[in-house]
Structure formats: structure tokens, C-alpha cells
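The next block holds one structure in the form of C-alpha cells; read it before the comments.
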Amino acid sequence: MSDQQQEPERTAAGEGEHLLSQLVAHLREHRTRLREEWAQRIQQAHLLNAMTPQEMSAETTSVYDNYVEVLETGSVEALQHYARDLSERIIPRGVETHEVVGIVLLLRDVLARSLFEKYQRDFGLLNEVLDAYEPAANRIANTVAVSFVDERERVIRQQQDAIRELSTPVLPVRERLLILPIIGVLDSERARQLTEQLLSGIRKHRARVVVIDITGSPDVDQTVANHLVQTVDASRLMGASVIITGLSPKIAQTLVTIGVDLSKMNTIGDLQGGLEEAERLLGYTVTRKEGGTSS
Amino acid sequence: MNGGPALVSIMRQGSNLIASVHTALDDSELVRFERDLVDQIGEFRSRGVIIDVAALDVIDSFAALTLRRIAEMARLRGAVTVLVGIQPEVAFTMVRLGIGTGDVPTALDLEEGLEMLARTAPHPASGADGRR
Amino acid sequence: MSATERGEKGTGHASADVADLIPMVRRIVGARVGSHPAADDLVQETLTRVLAASDTIEPGMLEPYAIVTARNVVATMWRDEDRKRRNRHRAIDLSEPETPEAQLVLDEEQSAMARALGRLDERERRTLLEHEVSGTDTKTLAESAGSTAGAIAAQLNRTRARLRVEYLLALQHVEPPTDRCRPVLIALSSGDHRRQREVRAAQHLLECKDCASLSQPLLERGQQREGSLRITIAADPDIVAARSAAREVASRLKFGPTELTVIATAVSEVCRNIVRFAGSGEVVIELLESPRRGLQVVARDAGPGIPSVEKAMSDGYSTYGGLGLGLPGVRRLMDEFALVSESGHGTTVTMTKWERNTDDE
Ligand SMILES: [Zn+2]
């Protein structure tokens with residue numbers, strides 16, 4: 001269904017820029033039809049499933065318009081801006097990298113096909129139009145893909161940082177009681193941060209009892225296990241008793257291997273039990289320092 | 001040191017003695033502090049002793065040893081000693097160095113220390129003392 | 001070089017004397033600042049400076065030098081407080097005028113150096129520049145001058161000492177008020193004890209205000225310039241002085257409060273070993289730039305040495321009835337630790353704390 005547009009075709013060969021503006025005009029004119037065709041292809045390819053039909057419609061419209069605009073100006077800045085904008089809008093919707101690249105490639109093909117239909121009668125002209133269009137279209141696809149991956153990495157890193165911070169909170173549960181849940185892999189750097197946070201937390205919250213819950217940490221190496229024990233001892237020096245909960249058999253084994261006398265550590269099976277023990281320590285009195293610090 | 005600003009102060013409060021270290025002490029000053037404090041524990045027949053070390057930016061092996069010795073001497077004279085105010089960095093460094101306070105109980109600060117003493121030592125008004 | 005030998009022989013003695021200075025320094029500081037909260041810091045600061053300079057001054061001069069230093073330290077504090085007070089209202093734009101000022105200071109320093117060089121005699125200046133700028137070694141210089149390498153080295157030391165004095169005079173636009181001033185300042189600058197005695201430097205420092213204020217930078221050179229500090233350890237107060245100094249130097253790097261405490265504590269332990277086992281020795285605290293940024297502490301003594309290093313490095317070993325710990329604990333505190341001990345010849349501990357990477361990715 002090609003429309004015969006009465007473009008004053010100047011067939012002067014090699015006029016790439018002129019051809020490009022011609023095809024931009026073509027894409028603008030048939031915007032509605034081409035965009036719908038593209039959306040259909042996206043659905044057929046099962047891409048962007050995470051989006052509602054309304055979102056799809058809005059996104060494809062906006063992506064389409066920007067795409068044409070970038071084709072028109074051809075400037076790198078505009079292209080990068082477009083790609084970044086696209087990534088920022090699409091990543092929060094849970095879209096995967098291959099989907100984004102996929103829809104951009106689909107759009108490239110939908111548009112290429114419409115150009116094919118339009119110029120099919122003049123094979124020479126068609127070749128020239130495609131020569132002008134394809135490099136530009138591929139450049140857009142590449143830039144979008146790279147930008148999307150970058151943006152995604154940035155978002156993931158941000159989330160990891162947030163998780164990292166979240167996973168070593170010192171939680172003041174009630175007066176004089178702190179909980180330190182350890183989640184995820186403990187490396188020495190994190191263990192060091194954790195100790196500093198806990199010790200200053202004890203002073204800040206005037207804690208008398210600390211429950212360190214390591215249910216969330218499947219395994220630790222000997223260095224970190226050592227660090228854990230030192231943290232317990234240091235807390236005691238500041239006047240706080242430490243209860244350790246959620247000690248996996250594996251970690252318990254590591255502690256024994258490095259020579260820790262587990263009977264001197266106040267360990268309780270689970271967090272609930274640990275909190276009960278903490279209440280008991282707080283409610284009654286800590287008459288004597290339980291266990292002994294290192295001799 | 002005589003004549004200069006006091007390096008430590010020892011205050012009497014009821015049956016307790018509160019000793020505060022105001023600045024870094026060298027070894028001989030620590031020994032002098034130990035002697036003065038132990039003398040006063042004997043003199044005042046104190047029941048409880050609090051040593052506030054919040055001002056110490058370093059507690060090395062000698063300082064830790066001295067503090068433990070004070071507590072032991074106090075115990076022999078019938079007093080319980082509580083060590084208060086060990087700073088977070090100092091606490092961690094002591095542990096890394098491999099020194100502790102032994103059996104000497106610790107508390108966060110003076111207030112906590114006094115409370116601990118009140119729980120540990122029998123109240124003087126209540127007369128009978130269960131332990132030595 | 002003979003100067004070093006002489007310096008090291010004198011150190012133990014000098015530093016024991018520094019301990020005796022404490023009451024006097026307290027009195028001087030107290031008389032000027034009363035019960036100001038910084039009084040103790042000022043005393044400490046004075047003692048640290050006297051200690052740092054004690055190698056380069058003759059033992060009999062410690063007392064006058066401490067008096068001069070205490071006064072300077074107090075004056076500096078008031079000056080700083082005054083400036084802070086005057087600048088408080090414009091605390092925000094303080095950084096602005098800093099840059100042109102810094103440039104000015106730089107220009108000033110360069111022209112002072114040029115003037116100082118101009119005041120050396122031709123032969124001295126030529127030899128110094130040959131050595132420092134062209135990098136010609138003393139042996140070559142000696143050959144061309146028909147002299148010995150030792151004599152050239154000694155001459156270079158004297159020239160440097162003079163240059164430092166002339167540079168300071170030019171920088172501060174001071175013309176020495178008496179003809180005793182230059183010989184005294186040069187004797188201080190070169191660290192030549194015998195010469196200091198000959199020119200009665202101690203007495204002059206107390207009498208001459210200009211030389212008193214110039215003596216400070218002359219005696220503490222190297223300390224600021226190279227980020228390294230040498231402290232003589234001979235008595236209990238030295239241990240505290242050394243660990244405070246280590247903390248101070250370390251705080252110029254990106255160390256957190258825990259690491260600063262760790263460093264101070266490690267220094268405290270090794271210094272105590274010097275006092276207990278060797279009687280005296282020294283600690284050199286140095287900032288490292290490469291391969292990584294860090295703080296290095298070298299503690300050495302010429303004491304009896306440790307009979308069994310292996311035993312000393314195992315937990316539980318102790319010779320002074322401490323807690324059965326010492327060096328193994330110190331090794332745990334620091335990132336690098338090396339112990340060299342030779343029976344009858346002394347012990348050297350070299351330990352390092354590296355600056356942590358700010359980013360862990
Ligand atoms: Zn003079």
C-alpha cells in the first residue's frame with residue numbers, strides 16, 4: 001500500500017542528506033500506521049510483556065517520534081540523549097536488555113520495509129535510500145544497546161550499594177537492645193565496617209545487650225570468623241553483652257577450627273530465642289559478666 | 001604530677017570511689033595512679049570502685065595490666081571495680097592486640113557503672129554483706 | 001658521618017633530661033594560658049618539639065630550648081585563635097583569598113632562596129649547586145678540588161646549614177641584631193654540639209628574641225619537609241610522646257579513628273620494649289607514598305637483643321610479667337611487621353599500616 005507522494009525527487013546521486021530528509025518526511029507522514037505495525041510485531045515477538053497495552057502505546061509512540069527525530073538530525077548528542085532517555089524510562093519497568101535491542105531492531109525493519117514498498121518501482125533510488133537509512137538505523141540500535149547496558153549496570157550497582165547498606169543496619173529494637181542482622185556474604189571489608197557500626201551504635205544507643213543474627217550469612221572464612229569473635233569481645237569491653245543467633249553448623253565449625261571456645265559465646269538457635277534471652281538479660285540483671293573476655 | 005593540672009581525680013561518693021583519668025598517662029603516672037587509688041580504697045573502706053577511662057585514647061598492654069591489678073587489689077580489700085568509658089576504637093584495638101580486662105566488669109559510662117555497682121554490691125544500708 | 005654518631009650517642013642522655021623538663025614546661029605554659037583547655041596539649045606539643053630537636057642540640061641546651069619553644073607554642077596558639085576569631089564571620093569565603101596568598105608565599109620563598117644563595121661565598125655556592133642540582137657526587141667533587149670526599153661532605157653540610165640560616169633570615173626579613181646571632185644560628189642549624197657550646201648558644205637563645213623564634217624552624221627541619229619524624233625513646237614519657245606523634249602524623253593520611261588508635265597503640269608497645277629492655281633507642285615515623293600510601297614506624301635500639309625471635313613472636317611469651325603478649329599482638333595490629341634482633345647488638349622493628357583503598361571496587 002504505497003502512497004504516491006508527489007515529492008519533487010531530485011535524483012542527483014549521492015545526495016544522502018537529501019534522501020534522509022525525504023525518508024524522514026515519509027516516516028512522519030505514515031506515523032500512525034507504521035507505529036501500529038511496529039507494536040504488532042513487538043507483540044508477536046512477545047517483547048515488552050511487562051508493560052500494559054496503554055504503556056506500550058505511549059512508549060512506542062514516544063520511541064517512534066524520537067527515533068525519527070534522531071534520524072533527521074543525525075547528531076551524536078541527540079542520539080545518546082535519546083538512548084539514555086529510553087533506558088531510564090524503560091529499565092524501571094523491568095525490561096530486559098534483549099527486549100530493548102529487539103524492539104529497536106524491529107522498528108528498523110518495519111521502517112525499512114515501508115521504504116522498500118515506497119521505492120520498489122525505482123530500484124536505483126531504493127538502493128540509495130536504503131544506503132542512507134541503514135547505517136543511520138544501525139547506529140541508533142547500537143547506541144541504544146550500549147546505553148541500555150550501561151544504565152542497567154548503574155542501576156544494579158546502585159541497588160547493590162543500597163542492599164549493602166541495608167544489610168548491616170544496627171537496629172535499636174528497644175531501649176538498651178540492638179539487633180545486628182548480617183545478611184549476605186561477609187568479606188573482611190564489610191566485617192570491618194560492621195564492627196565499627198556496631199561499636200559506635202552501642203555508644204550511641206547506650207546498648208546493654210546486642211543480638212547478632214547471622215542466619216542470613218551462609219558461610220564465613222576464618223578471617224571473618226575471627227573478626228566476629230573480636231567484635232563480640234570489643235562489645236563486652238564497652239559494657240554490652242552479645243548474643244549470637246542463627247549460627248549455622250558450618251560457621252560453628254569454622255569458629256571451633258580457629259580455636260574459639262563456643263561455650264564462652266552466648267549462642268542461641270534463632271532470633272526469637274535470642275530476643276527472649278536479651279529480654280531476660282535486660283529484665284533481670286547482668287550481675288556478672290558472662291563468660292570471660294580473653295585472658 | 002604536682003603543681004600542674006591534675007592528670008586524674010579520685011572522688012568519694014558514699015561507699016564508692018570514682019576515679020577519672022583526665023588525660024593520657026605514661027607508665028610511671030599509671031603506677032602512681034594505681035598506688036593512690038589503692039591507698040584510698042583502703043583508707044575509705046570503699047565497697048565499689050569505678051574507673052573512668054573515657055579520656056584514654058590508647059589502652060596498651062601495660063595500661064590494661066595496671067587496670068586489672070587495681071581491680072585485683074581492690075578485690076582483696078573488699079571492693080568491686082567496674083571499668084567504664086572504654087571508647088569503641090580503643091575496645092577494638094585492645095581485642096586485636098589480644099588484651100582484655102580479665103574478670104573486671106565493664107560498663108558503658110559512669111551512670112551505667114554506678115548502676116552496675118548498685119546491683120552487684122550489697123547496699124551498705126542493708127547491713128549484712130553476703131560476699132567479700 | 002660523624003655528626004650522626006655523635007647525635008646517637010647523645011640521645012639517651014638528652015631524652016632522659018626532657019622528662020625532667022615537664023614540670024618546668026607546665027609552669028611556663030600554665031603561667032601564660034592558665035586553665036585553658038589546651039594547656040596539656042601545649043605542654044605535650046612543646047615536649048614533642050624539644051624531643052624532635054634533641055638530637056641536634058647539645059644536652060645542656062635542652063632547658064633554654066624548652067623555654068623558648070614553650071613560649072613560641074603558646075604564642076602560635078593565641079595567634080591562631082585570634083585569626084580564627086577574626087575570620088569567623090566570613091568562614092565561607094575563607095578559601096577564596098587562599099589561592100593568591102599561596103602564590104605570594106611561593107614567590108616569596110623563591111626570592112628568599114635566591115637572596116640566601118647570594119649570601120654564600122662563590123666557592124661554597126658552586127660546590128653546593130654542583131652537588132644538589134647537577135648531581136655530581138662528593139668523590140668527583142673532591143677530585144676536582146684536590147680534596148677528600150669526607151672533607152667535601154663536611155663542607156657541604158656546613159654550607160647547607162648556612163643556607164638554611166640565610167634563607168630563614170631572608171624569608172622573614174630579619175637582620176640579626178648582634179654579631180653573635182649568625183654563629184649561634186649556624187651552630188643550631190648544623191646540629192654541631194661542640195660548636196653550640198663554643199658559641200654559648202643556650203644563653204644566647206634566652207637573650208635574643210630573634211634567634212629564639214628562628215631556632216624552631218632550624219631545629220625541626222626535615223620533620224615537616226619530609227613527613228618523617230624521629231623521636232628519642234629513653235623514658236616513660238617518651239612512649240606517650242611517640243604514640244601521640246605517630247597519631248598526629250598518621251592523621252595526615254586517610255586513616256579512620258580505629259586505625260589511628262591501632263597505630264598509636266602499636267607504637268606504644270614497641271616503645272615500651274625499648275625502654276624496658278634496651279634502656280634507650282629511637283623511633284622514626286614516616287609517611288610512605290609508594291608503592292602505596294601508608295605509615296611506617298621503625299623502632300630501633302642498641303640493647304641486648306631478643307634471644308629467641310621465634311619465641312618472642314609466639315603468643316604467651318613475655319619477659320616482664322606483662323600479659324604474656326606484646327610483639328605478636330603488635331603484628332596483628334599492623335599490616336606489615338618485621339623484627340630483626342641480634343644478640344648484644346640491638347633490635348629493630350619495622351612496621352607499616354597501609355592507607356585503605358577508598359573505593360572497594
Ligand atoms: Zn641572636
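The values are calculated or read from the model by the stated rules, or taken from the named source; none is laboratory data. This structure is a prediction, so every number in the text was calculated from the model and none was measured. We place every Cβ from the backbone using ideal geometry, glycine too, and count neighbours over all the protein chains shown. Accessible surface is based on the protein model in full, side chains and every heavy atom, while ligands, DNA and RNA are left aside. Shrake-Rupley method; radii C 1.70, N 1.55, O 1.52, S 1.80 Å.
Some points to look at:
- Value of [θ]222 nm, deg cm²/dmol, for chain A, DSSP H segments ≥ 4, -39500 (n - 2.57) each, nearest 500: -21500 deg cm²/dmol
- Measuring r between the beta carbons of residue A:65 and residue A:138 and using R0 = 25 Å, the FRET efficiency lands at 0.80.
- In the complete set of protein chains, residue-level accessible area for residue C:139 is approximately 130 Å², probe 1.4 angstrom.
- Euclidean distance between Cα centres, the stretch C:192-213 to the stretch C:107-162, Å: 25 Å
- Legend: residues B:9, C:215, A:21, sorted from most to least accessible area (1.4 Å probe; ligands, DNA and RNA excluded), read A:21, B:9, C:215.
- Set of aspartates and glutamates with alpha-carbon distance to residue C:139 below 18 Å, sequence-local pairs under 8 removed: C:124, C:130
- Residues whose amide H lies under 5 Å from that of residue A:242, counting only those 5 or more places away or on a different chain, are A:210; hydrogens are built 1.01 Å from N in the peptide plane.
- With the simple spin-label model, which puts each label point 7 Å out from Cα in the Cβ direction, the residue A:21 to residue A:43 separation comes to 3.8 nm.
- Interface residues of the stretch A:212-247, defined as a loss of at least 50 Å² in heavy-atom accessible area between the chain alone and the complex of all protein chains with a 1.4 Å probe, are A:230, A:237, A:238.
- The peptide list A:149-158, C:25-34, C:255-264, put in order of mean Cβ contacts within 10 Å with the highest first, becomes C:255-264, C:25-34, A:149-158.
- Calculated FRET value between residue B:43 and residue B:13, using beta carbons and R₀ = 25 Å, to 0.05: 0.95
- The H on the amide N of residue C:355, modeled in the peptide plane, is under 5 Å from the matching H of C:293, C:294, C:295, each at least 5 residues off or on a different chain.
- Cα-based shape type of chain A, given that a ≥ b ≥ c are square roots of the gyration tensor eigenvalues and the cut on a/c is 1.5: prolate
- Extreme residue, positive dipole direction of the stretch A:171-282, given options A:266, A:210, A:254 (C-beta unit charges): A:210
- The charge dipole of the stretch C:103-222, taken about its Cα centre with unit charges on the Cβ of Lys, Arg, Asp and Glu (plus for the first two, minus for the last two), comes to roughly 440 debye.
- Accessible surface of residue B:52 - all protein chains present, 1.4 Å probe, nearest 10 Å²: 30 Å²
- Antiparallel content of DSSP bridges confined to the stretch B:8-120, in %, to 5: 35 percent
- Charge tally in the Cβ shell below 15 Å around residue A:254, where Lys, Arg are +1 and Asp, Glu are -1, residue A:254 excluded: -3
- Radius 14 Å from Cβ of residue C:122, net charge of other residues (Lys, Arg +1; Asp, Glu -1): +2
- Size of charge dipole - chain B - debye, nearest 20, with Cβ of Lys, Arg +1 and Asp, Glu -1, no other charges: 620 debye
- Calculated from backbone phi, Karplus (6.51, -1.76, 1.60) coupling profile of the stretch B:10-18 in Hz, x at Gly/Pro: 10, 10, 9, 9, x, 8, 10, 10, 10
- For the stretch A:18-170: rounded, prolate or oblate by the Cα gyration tensor [a/c cutoff 1.5]: prolate
- For the stretch A:122-128, Karplus couplings with θ = phi - 60° (6.51, -1.76, 1.60), whole Hz, Gly/Pro x: 10, 5, x, 5, 4, 4, 5
- Heavy-atom accessible area order for B:11, C:334, B:73, largest first, 1.4 Å probe: B:11, B:73, C:334
- Cα gyration tensor shape for the stretch C:228-360, rounded if a/c is under 1.5, else prolate or oblate: prolate
- The solvent-accessible area of residue C:332, taken with every protein chain present and a 1.4 Å probe, is close to 90 Å².
- Sequence of A:73, C:136 from largest to smallest accessible area, 1.4 Å probe: A:73, C:136
- On a per residue basis, the convex hull of the C-alpha atoms belonging to the stretch B:8-120 measures out at 85 Å³.
- In order along the stretch C:165-180, the Karplus-derived 3J(HN,Hα) couplings, from 6.51 cos²θ - 1.76 cosθ + 1.60 at θ = phi - 60°, round to 5, 5, 4, 4, 4, 5, 5, 9, 6, 10, 9, x, x, 10, 7, 7 Hz, and Gly and Pro are given as x.
- In degrees, nearest ten, helix A:76-90 long axis to first principal axis of chain A (Cα): 50 degrees
- Chain A: angle of helix A:16-29 to the longest principal axis, Cα-based, in degrees nearest 10: 80 degrees
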